[in-house]
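Here the structure comes first, spelled out in structure tokens, and everything after it is commentary.
The values are calculated or read from the model by the stated rules, or taken from the named source; none is laboratory data. Worth saying up front: this structure is predicted, and the values here are computed from it rather than measured. Reconstructed Cβ throughout: ideal geometry from the backbone, glycine too, with neighbour counts over all protein chains shown. In case anyone asks, the SASA skips ligands and DNA or RNA and just uses the protein heavy atoms, side chains included. Shrake-Rupley method; radii C 1.70, N 1.55, O 1.52, S 1.80 Å.
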Amino acid sequence: MDHEREAELIAAAYAAAEHAYAPYSDYPVGAALLFDDGAVITGCNVENASYGLALCAETVAVAKALAEGRRGGLVAVAVVGLKADKEPITPCGRCRQVLNEVAALGSTNPLVLCVSKDDVRRVALSALLPHAFGPGHLG
Ligand code: THU
């Protein structure tokens, strides 16, 4: 992915983070999914007064993509945290599994851009979630 496309995807994730509903953690997160037709679908974290029901930004973005009928074609993901100053934020374990579902549907191995204020860590989803369980296991 060229530098310009990468910067656009990260910018989309930052814009999504502005809509984060994170009054309990005060840790706004944004995610942007890039598909092979150029479409970008974003999400932010959505928390709840019942704390354990929080939805991560990546999960919200994947749910939006599936709800719009997408079934694969995921080529890249950007994840940003408005408070991720030093260490780049990386998708939580559950989100890795959720991202894997869309990736597996289209047999892609998306590049995950893990972003902090001064750094971008580029890592393949297969490296974040080796030996993933996916739809193929179910027959
Ligand atoms: N969060 C995400 O949205 N994505 C991640 O991958 C890590 C954590 C959210 C969940 C919660 O709303 C807040 O960050 C603090 O954990």
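Tabulated values for the structure
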| quantity | calculated |
| --- | --- |
| Any hit, the stretch 96-109, residues being among the polar types (S, T, N, Q) and within 12 Å of the ligand (Cβ to nearest atom) | yes |
| Residue list for the stretch 90-110, filter: in a loop (DSSP other than H, G, I, E, B) and either over 18 Å from Ala31 (Cα atoms) or touching a residue at least 24 places away in the same chain (Cβ under 8 Å) (or both) | Thr90, Pro91, Cys92, Gly106, Ser107, Thr108, Pro110 |
| Pair list, Cβ under 8 Å, 6 or more apart: the stretch 8-28 residue β-branched (Val, Ile, Thr), other residue more than 9 Å from the ligand (Cβ to nearest atom) | Ile10/Ala32; Ile10/Ala78; Ile10/Val80; Ile10/Leu113; Ile10/Val115; Ile10/Val120 |
| Residue ID - most open to solvent (accessible area, probe 1.4 Å), chosen from residues in the stretch 62-92 that are among the charged types (D, E, K, R) and within 13 Å of the ligand (Cβ to nearest atom) | Glu87 |
| Cross-chain or 6+ apart pairs with Cβ under 8 Å, the stretch 58-83 first and assigned to a strand (DSSP E or B), then within 13 Å of the ligand (Cβ to nearest atom) and open to solvent by 60 Å² or more (accessible area, probe 1.4 Å) | Gly81/Tyr27 |
| Residues of the stretch 111-131 that turn out to be closer than 20 Å to Arg70 by Cβ and touching a residue at least 60 places away in the same chain (Cβ under 8 Å), as a count | 2 |
| Test: residue in the stretch 50-61 that is more than 12 Å from the ligand (Cβ to nearest atom) and either open to solvent by 30 Å² or more (accessible area, probe 1.4 Å) or under 15 Å from Ala12 (Cβ atoms) (or both) | yes |
| Enumeration of residues in the stretch 24-49 that are over 20 Å from Thr90 (Cβ atoms), in contact with a helix residue (DSSP H, G or I) (Cβ under 9 Å, 6 or more places away or on another chain) and within 11 Å of the ligand (Cβ to nearest atom) | Tyr24 |
